Each structure stands twice: as C-alpha cells, then as structure tokens.
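Working notes, structure below.
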Amino acid sequence: MEQAKFSMLTEKAREIRLGAVEAVFSASSGHPGGSLSIADILSYLYFEEMNVDPADPKKADRDRFVLSKGHTAPALYATLAARGYFDKALLKTLRQVDSILQGHPDMKHIPGVDMSTGSLGLGISAACGMALSAKASKDDYRVYTIVGDGESEEGQVWEAAMFAAHYKLDNLCAFIDWNGLQIDGKITDVMNPTPLDEKFAAFGWNVIVIDAHDFDQIEAACKAARECKGKPTAIIAKSVKGKGVSFMENQAGWHGKAPNKEQYEQAVAELTASV
Amino acid sequence: MADKIATREAYGNALAELGEKYDIVVLDADLAEATKTLTFKKKFPERHFDCGIAEGNMMAVAAGIASTGKIPFASSFAMFAAGRAFEQVRNCIGYPHLNVKIGATHAGISVGEDGATHQCNEDIALMRTIPGMVILNPADGLEAKAAVEAAILHDGPVYLRFGRYAVPYLYDEANYKFEIGKGIKLAEGSDVTIVATGLMVHIALEAKELLAAEGISAEVINIHTIKPLDVEMITESAKKTGAVVTAEEHNIIGGLGGAVCEALAGTCPVPVVRVGVEDKFGKSGKVPALLEEYGLTAANIAAKAKAAIALKK
C-alpha cells in the first residue's frame, strides 16, 4: 500500500477510535472494547472500499454496511461522522434522550446507517437479504457486515451462513471480529465457537484469515472477496479488543464499560500519541 | 367458484395474481406447498426464495430486502412467523418500520390434526404489541385477496393471518370494499354487538340467527383489521346495543377480545364477553370437533351474547 493511503487510513482509524471513546465517555455507558477492535476495518471500508456518498446517504447503487455486532455503534457513529454523514459534535450526545445516536444503530434516524441492529445474529441475515435483493435485480452494489466472534454463538449466524452460500451471494463480505473476548470472558471459555475459519469454509464460504489491524491485509482480503465468484467471503479478522488504549487491550471487562475522566484522558493521550 | 376456500389458498392465489401488477418478492421456509406460496413460485420462480427451515433468518432477510426497496412477503405458519421469529420481526422489521409483509398461515386451532405445537392462538397478541404493525385477519377468500393487495399498497409492516380450514364466501365481489382499519357491519341489531374476526365471522352470523329465533337482535361486525382497530365503529355499536361479545380463533387474552376491551374501557365501558380459546393449548382433532370442544361455535356465541345482555345495568 502506498504511504499516502496508509497514512490517511491510519489517521482516519485514529479519528474513529478517538470519536468512539469520546462518545462512550460522554454517555458514561457503551461498548469501547469491541469498538476499538474494528476501527481499522471501518476506516478501510468507509475511506477506501465502499461506494458511498455522505451527501446522498440513500443513493440506490451504494454499497451497504450492516454492523451486525450493533453494540459497537460508537465506532460506526465515529466513522460516519469522520466520513461527513453528520457533525462530529453529535458524538458527545450518544445515548442521550434527545439525540439521534441511539445505543444501537437506528436506520430510521441516523444518516448512513443501512440497518438497525443490536440484537445479535440478526444483522448478518439482513445483510444476506440486501445481497440477495441485489442479485435478484442484477444490481452490482456490494454488502459488507461485521459480525462479532462471540456473536457467532448465535444460531442465526449459521442460518445466515447457510443461506448466503446457498444463494451464492458473492456480493456479500462478512468480517468476523475475532478479538477472542465476550462479556463473560474468553470466547473459548464461555462457549467456544472456534474454529471459525473451518466452520465458515464448511458452510461453503470463501474464507480469509487476516490481522484486523494491518491495512495491507485488509486491502488484500477485500480485493480477494471482490474477485471470488459464486461464494460469499468471510474475513476472519484477528483483532485486539480495546486496540490502541493500553489498559483496555485484551480485557473483557472493557466490553461494555465507560472510562472515568482520568481513564478517558489517558486513552486520548495514548490514541493521539500513537503512530 | 367453489362456495368455500381456505384463506391460505386465497393468499397463494392473490400473490400469483398480484405478482403481475406489483414488484413483490416471496420468501418461504420449506412450507411453500402448505402456505400456498407455491402458486406464486410456479408463476414467478425468479421472485420466490426458499429460506429453508430457518424462520428467524427469513424474517431478517426480508428486512434486508425491504431496505433495498422491494416488497417481500415472508411466509410460514403463524406459530413460526409470529412465535419462533417474534424477536426478528420486532427488531428487524417493526423497529425500523420496514415494508415487510408477513404471510402467516395455519393460524388458530383450525390447523386440526397437527395439534398444539402447530396451533398458534397467540400470534395476534404478540403482533399487537409491536408499534406500527398492521394486523389483518380476513374472514373469507375475497377478503383475503383484498387484504393482500391492501398490504402491498400500505407502506410499513403488515402481519396477515390466514387459516388452513376452508371457510364460506361471505361477500359479493361487486359490493365489497376493503379498507385497512375499517370494520364491516354485516348485520344491524339493537340488543347486543358481536364483534368477530377471521374464521369466526361466518359462525357469528349463524349465532345472530340463533339469537333472532329467541327474539334477540344482534349486530354483527367483521373486524378484518385487528390493528389499527376500528374503535369508532365498535364504540358506536356498543353505545347503541350496550353489550358486546367478541369472537376469535385465538386466546381470549391479547387478541381481538383484549383489543376490544382495551378500546371500550376508554370510550364506552359496557359488558364485554369474550369467545375464543380460553387460555388453553390446542390439541389434535378434526376441525369441527375442535371448534366444538373449544367453544368456537354459534351456540356458544349466542350463549355468551345472552350473558353479556344480562350484565347490562
């Protein structure tokens, strides 16, 4: 990847992380850990990969994005703000009673949100519906979704996996945010959904395993997904929950907890300093 | 034309006919032959998608399709459409108010021999609690077809409830008008109002005759739209007659009876007696025997009408 693009994506990911942490801090609630783990993927999708237009959020031929792990809305909102869908100042209103920024993504009121999500397992199915619709009317837009690794304990994820392969939805690309942690601890201790790569492959998907924080690998995987015909693609993205904030990294306790003022200031300092 | 048709069959016929006129997409969950969406599939195979035995996924898939501008009909038995997939319907379809039509067949105990696991007497109650959900429960083949077209023309989620058991035609096509949210007065009366829905409408008309034989004048209203309820028509009738009986093939909790009680409590609190499945599970049997066993009969409606009249002040 050329340096200019890499720098741009890195800066956008930093902006997304800062925005997500600011939103959760302002709300005194929300999900920072899984927001930070997907920031690099969101940066790549919204600033490089997807055909979207913040000035026309509902344009018919846009690529769609569904945050199946909807609780990490702070990262999505920070991404949409960074991309210009709405004012960044709104991030401070997350979860407030008079804000459009609901605790989980709300397609009715938030510009740029393509599907309301939050109840785990449902988003990937809705993404399948969008991809099937594109196939049915021979539209060439693509559909992207991010599914949590813990989320893949939901049976519906596998109903959707079966469906996408059955209908050869090669316009569907699902990232699995493999950060290894869920609310109650390690995914392998709580209810082991691994091996995710072998499971998706067995369900008939094109499977690519990458480092979720390496833009070159994200780019190569997205390109491979585009080139794969006849199968949906699952990008199993090995990530660090809480990535970029030292005390949140790899800590299940930061799944759904807001930082206090001191922690917030440290998080901002670390995220601002990181290269 | 046969003199009877199951509303599920009318549903399948309507989809196939209206598929020529509207850009609808039909989803099913391995029940196309039973829900009668097969009729549509034979005509428009490229617009029919089997989702397999995975109703939760199907509802969320329907939401995704609707978000792209198409009008999906997602079909299964009421038990699985409203029961199994309740949370998907609530969160993926209801909350974003997406333009999904849920074609739920085999509602109520008239499923018959399959028994309790497949007899959904709770779907109206479940769907009523979802804000913005329209609930249509047609009484005959003509009304079923009209309901399908009205659902297509309505922008937003609609739950359509169809039965497996053949019911008589009640209406002439020439004189029939379907409007979402508007009840249809089938008979004028002065002593008691019978508010019925679905399969129970023609049985309510029989009850009216039984009552007439005893000198009791019953008004009969067909409520094909359970939500939004025609509160105005029901209230006006309650004011006139002073007593109401509801009749539905559903639990007496949370269905038409519940809706009518909730409405009249605020507009015209008169005695209301509910005929329906009395908070029990169903069981296997021939449909006439089941209707008898669960009190879904003209005789029981007439008895309950007299009970309601006796409660008048």
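Data overview
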item: Student exercise, the protein assembly as shown dipole from Lys, Arg, Asp, Glu Cβ charges, in Debye to nearest 20; result: 520 debye
item: Euclidean distance of C-alpha centroids, region A:127-159 and region B:109-133, integer Å; result: 29 Å
item: Cα radius of gyration and Dmax for the protein assembly as shown (Å); result: 27.0, 92
item: Ranked list, fewest to most other Cβ atoms within 10 Å of each Cβ, for A:Glu2, A:Glu151, A:Glu49; result: A:Glu2, A:Glu49, A:Glu151
item: Tilt relative to chain B, helix B:298-310 - C-alpha long axis, 0 to 90 degrees, to 10; result: 50 degrees
item: Rg/Rh for region B:1-102, where both radii come from Cα atoms and Rh is the Kirkwood radius; result: 0.97
item: Separation in nanometres of the label points that stand 7 Å from Cα toward Cβ, at B:Glu262 and B:Ala212; result: 3.4 nm
item: Residues with amide H under 5 Å from that of B:Cys120, placed H, sequence gap 5 or more; result: B:Met79, B:Gly108
item: Mean shadow area of chain A over all directions, Cα convex hull, nm²; result: 13.1 nm²
item: Fraction in percent of alpha-carbon pairs per bin - 10 Å, chain B; result: 7, 30, 36, 21, 7, 1, 0
item: Helix-derived mean residue ellipticity, 222 nm - over chain B, DSSP H n ≥ 4, -39500 (n - 2.57), to 500; result: -10500 deg cm²/dmol
item: Within the protein assembly as shown, percent of DSSP bridges classed antiparallel, to nearest 5; result: 15 percent
item: Principal axis box of region A:1-85, alpha-carbon based, largest edge first, Å; result: 36, 33, 20
item: A:Ser246 versus A:Gln96: modelled label distance in nm, points set 7 Å from Cα along the beta carbon direction; result: 3.2 nm
item: Shape of region A:55-138, Cα gyration tensor, a/c cut at 1.5; result: oblate
item: DSSP beta bridge pairing in chain B, given as percent antiparallel to the nearest 5; result: 20 percent
item: Neighbouring partner chain Cβ atoms per residue of A:115-121, average, 10 Å criterion; result: 5
item: Top positive-direction residue, dipole computed over chain A with Cβ charges, set A:Ser35, A:Phe86, A:Ile183; result: A:Phe86
item: Amide proton proximity set for B:Asp30, modelled H, under 5 Å, gap of 5+; result: B:Cys51, B:Gly52
item: Angle in degrees between helix B:231-241 and the longest Cα principal axis of chain B, rounded to the nearest 10; result: 20 degrees
item: Descending semi-axes in Å of region B:4-168, equivalent ellipsoid built from Cα gyration tensor; result: 20, 18, 15
item: Region B:4-168 - share of DSSP beta bridges that are antiparallel (%, nearest 5); result: 10 percent
item: C-alpha long axis of helix B:7-18 to longest principal axis of chain B, angle in °; result: 50 degrees
item: Debye-sum result for region B:202-313 in log10 I(q)/I(0), which assumes one identical scatterer on each alpha carbon, at q = 0.10, 0.14 Å⁻¹; result: -0.28, -0.55
item: Whole-Hz couplings from phi, Karplus 6.51/-1.76/1.60, listed for region A:235-243; x for Gly and Pro; result: 9, 7, 9, 6, 10, 10, 5, x, 3
item: Residue of B:Lys227, B:Lys42, B:Lys101 that the Gaussian network model of chain B assigns the largest fluctuation, springs spanning Cα pairs under 10 Å; result: B:Lys42
item: Estimated vicinal HN-Hα couplings, Hz - region B:156-167 in sequence order (Karplus 6.51, -1.76, 1.60; Gly, Pro = x); result: x, x, 9, 9, 9, 10, 10, x, 8, 8, 5, 10
item: Equivalent ellipsoid, region A:131-264 (semi-axes from 5 times Cα gyration tensor eigenvalues, Å); result: 29, 17, 13
item: MRE, 222 nm, helices only [DSSP H, n ≥ 4, -39500 (n - 2.57), over chain A, to nearest 500]; result: -12500 deg cm²/dmol
item: Loop-located chymotrypsin sites (Phe, Trp or Tyr not before Pro) in region A:216-275 whose Cβ has at most 13 other Cβ within 10 Å (DSSP); result: A:Phe247
item: Residue order, fewest to most surrounding Cβ atoms within 10 angstrom, among A:Ser99, A:Ser29; result: A:Ser29, A:Ser99
item: Whole-angstrom gap from region B:9-36 to region A:172-251, using each part's C-alpha centre; result: 38 Å
item: Nonlocal amide H pairs with B:Val25, under 5 Å, H built at 1.01 Å; result: B:Ile71, B:Phe73
item: Fewest-first ranking of A:Arg62, A:Arg226, B:Arg161, using other Cβ atoms within 10 Å as the exposure measure; result: A:Arg226, A:Arg62, B:Arg161
item: At least 24 Å along the helix axis (C-alpha) and Kyte average at least 0.0, DSSP helices within chain A; result: A:3-27
item: Neighbouring partner chain Cβ atoms per residue of B:66-72, average, 10 Å criterion; result: 6
item: For chain B, the longest site-free run once GluC sites (Glu not before Pro) in DSSP loop states with at most 16 other Cβ atoms within 10 Å are removed; result: B:21-112
item: Scattering curve values for region A:1-151, log₁₀ I(q)/I(0), Debye with Cα scatterers, q = 0.09, 0.18 Å⁻¹; result: -0.26, -1.05
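Any read-out appearing in this document is the output of simple, stated calculations on the displayed coordinates, not a laboratory observation. Since the model is a prediction, treat every value here as computed from it, not as a measurement. Neighbour counts run over all protein chains shown; Cβ positions are idealised from the backbone, glycine included.
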